[in-house]
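The values are calculated or read from the model by the stated rules, or taken from the named source; none is laboratory data. If you're wondering where the values come from, they're calculated on a predicted model, not measured in any experiment. Heads up, the Cβs are rebuilt from the backbone with ideal geometry, glycines too, and the neighbour counts pull from every protein chain shown.
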Amino acid sequence: MLDVLIIGAGPVGLACALETQRKGLKVAIAEKGALVNSLVGYPTNMEFFSTPELLEIGGYPFPTAHYKPLREDALDYYQRVARDEKLDIRLHEKVLKLDGEQGNFTVSTSKGEIPTRNVILATGFYDLPNLLGVPGEDLSHVSHYYKEPYQHVLQHVVVIGAKNSSAKAALQLTRAGAKVTLIVRGPEVSNSVKYWIRPDLINRIAEGRITAHFNSTVTAIHPEAIEILTPDGPLTIPTDFVYALTGYHPDEALLGRFRVEPDPTDEACAPLFNPQTHETSRRGVFVAGTVCGGRATSRWFIENGRHHAQLIAAYLAGQVLGSAGQ
Ligand SMILES: Cc1cc2nc3c(=O)[nH]c(=O)nc-3n(C[C@H](O)[C@H](O)[C@H](O)COP(=O)(O)OP(=O)(O)OC[C@H]3O[C@@H](n4cnc5c(N)ncnc54)[C@H](O)[C@@H]3O)c2cc1C
C-alpha cells in the first residue's frame, strides 16, 4: 500500500512526489498523459514568463542559456528531476474515482486499482477549455490550443481572447505571415497581458497589421467564416482557422467524484482546503498547484504552487510516520 498517490505529473505533482518521498513515504504518481503533460501541450518554443530559478523544484538548479526558459528547457529540466529522484510515475494512467477512507483508499484508474493511505490532487487546469458555447465551435478548423504558426502562413486566422496566450498567438501568427483578426469581448487588450507583450500587440493593431474588434462577441462559426456581434452590429469575417483562446478550468467533475467540497465563499469555486496543510474537506485528500484556485487559474502557478509540496509533505510525514516538521 502506498502512503500517498499523487494525481498529475505536472511541475507541482512532481514537487509533491519528491518532497514526500524525501520524508521517507512510499509514493507514486498517476498521470493520464505524458510527463508534464500540460507543458507538452504548450506552444512550440514558448517562452515562460518566469525566470528559471522560480520554476525550480526540489532544489535542483535550472540552468538555461536564456533569461527566460523555453518550453523545451522546462520539459528537459522536469524529466531530469523525475529521473534523478527515481520517482515511481505511472504514465498514461487516468484516475477516475476514489473509494474508501483515509488510511485505506482505493483509487480506480484506466489501468486498474491503486491502494493508498492518502491522495494529492495536482491535476492542474489545462485539459478543459472554457467553451464559447456557440454553433460551429466543434468544427475541425476551430482549436482551443495554439501550437505554432506555420500551417497558417498566408491564411486568414481569427484569434478570440485578449490575454497572454491570445496576444502571443496573434503576434506570432502575424509575424509568420498570417492575416490575423482578433476578437475581444472587453474594451481593450487585457491589463493582465505582460508589460512587454501588451504594447507590442497594441502597436500592431494601431498600424493595421492586426485587425481587432473590441466589445465584440462570437455568435457562430461556419466552415469558411465567423459571425460576430460588434457595437456597430453583426459582422461576418471570412476565416480559414479559428483559435478560441478563452482560458481553461479544472476538472470539477473529478473533484466532485472525490467528494472535495468547493469553498462556498469563493466565486471561483476553488476547493475548500486548510491553507496550512492543503487537506480538503475529505480527510486524507489534499490539493496542490493550480487546481487549488478553482476557476481562478492564475491564482496558483508554478512559481507559488510548487511550495504547496513542502507543506503537504511535512504534514503527511507527521501523520504517517509521526515525525511532523522533520
Ligand atoms: C502558455 C502558458 C504559460 C505559462 N507560463 C508560466 C510561467 O512563466 N510561470 C509560471 O509559474 N506558470 C506559468 N504557467 C502556468 C503553469 O504552467 C501552470 O500553473 C502549471 O503547469 C501548474 O502546474 P500543476 O502541476 O499544478 O498542473 P499541470 O502542469 O497542469 O499538471 C496537471 C497534470 O495532471 C494531469 N491530470 C489531470 N487530470 C488527471 C487525471 N484524472 N488522472 C491523471 N492525471 C491527470 C494532467 O495531464 C497534467 O499533467 C503558464 C501556463 C500557460 C498555459
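Exactly one residue out of Ile114, Ile120 is in a strand (DSSP E or B), within 28 Å of Ala270 (Cβ to Cβ) and over 18 Å from the mean Cα position of the chain (by Cα), and it is Ile114.
In the set Thr236, Thr217, Thr211, which member is of a type in the set (S, T, N, Q), modelled with pLDDT of 95 or more and out of contact with any Ser or Thr (no Cβ under 9 Å at 6 or more places or on another chain)?
Numbers: Thr217 fails: out of contact with any Ser or Thr (no Cβ under 9 Å at 6 or more places or on another chain); Thr211 fails: out of contact with any Ser or Thr (no Cβ under 9 Å at 6 or more places or on another chain).
After applying the criteria, what remains is Thr236.
For the range 38-68, a residue qualifies if it is touching a residue at least 40 places away in the same chain (Cβ under 8 Å) and in a helix (DSSP H, G or I), and the qualifying residues are Ser38, Gly41, Leu54, Leu55.
Could you say which residue among Lys163, Lys111, Lys179, Lys147 is under 29 Å from Gly305 (Cβ atoms) and surrounded by 16 or more Cβ atoms within 10 Å (Cβ to Cβ)?
The unique qualifying residue is Lys163.
Would you be able to say whether some residue in the range 242-265 is away from the ligand (no atom under 15 Å from the Cβ), within 30 Å of Ser140 (Cα to Cα) and acidic (Asp, Glu)? No - not one qualifying residue is present in the range 242-265. Against the criterion of being assigned by TED's automatic domain parsing to the domain that holds Thr219, within 15 Å of the ligand (Cβ to nearest atom) and among the aromatic types (Phe, Trp, Tyr), Tyr146 qualifies. Being in contact with a Ser or Thr (Cβ under 8 Å, 6 or more places away or on another chain), more than 13 Å from the ligand (Cβ to nearest atom), in the same structural domain as His307 (by TED's automatic domain parsing) and assigned to a loop (DSSP other than H, G, I, E, B), is that true of even one residue in the range 14-23? Within the range 14-23, one or more residues are in contact with a Ser or Thr (Cβ under 8 Å, 6 or more places away or on another chain), more than 13 Å from the ligand (Cβ to nearest atom), in the same structural domain as His307 (by TED's automatic domain parsing) and assigned to a loop (DSSP other than H, G, I, E, B).
Filter the range 271-326 down to residues that are in a helix (DSSP H, G or I) and more than 16 Å from the ligand (Cβ to nearest atom) and give me whichever is farthest from Ser165 (Cα to Cα).
Here is the first cut: in the range 271-326, the ones in a helix (DSSP H, G or I) are 289-293, 302-305, 308-321.
Still in the list and also more than 16 Å from the ligand (Cβ to nearest atom): 314-321.
Working: Ala314: 36, Tyr315: 36, Leu316: 36, Ala317: 39, Gly318: 41, Gln319: 41, Val320: 42, Leu321: 44 Å.
Checked the range 271-326; the qualifying residue farthest from Ser165 (Cα to Cα) is Leu321.
State whether the residues of the range 43-54 include one that is assigned by TED's automatic domain parsing to the domain that holds Pro11, aliphatic (A, V, I, L, M), farther than 21 Å from Cys16 by Cβ and modelled with pLDDT of 95 or more. The answer is yes, given that some residue of the range 43-54 is assigned by TED's automatic domain parsing to the domain that holds Pro11, aliphatic (A, V, I, L, M), farther than 21 Å from Cys16 by Cβ and modelled with pLDDT of 95 or more. The set of residues in the range 53-87 being within 14 Å of the ligand (Cβ to nearest atom) and touching a Lys or Arg at 6+ places or on another chain (Cβ under 9 Å) consists of Leu54, Leu55, Glu56, Ile57, Gly58. Here Gly133 does not fit the description of being part of a loop (DSSP other than H, G, I, E, B) and surrounded by 13 or more Cβ atoms within 10 Å (Cβ to Cβ).
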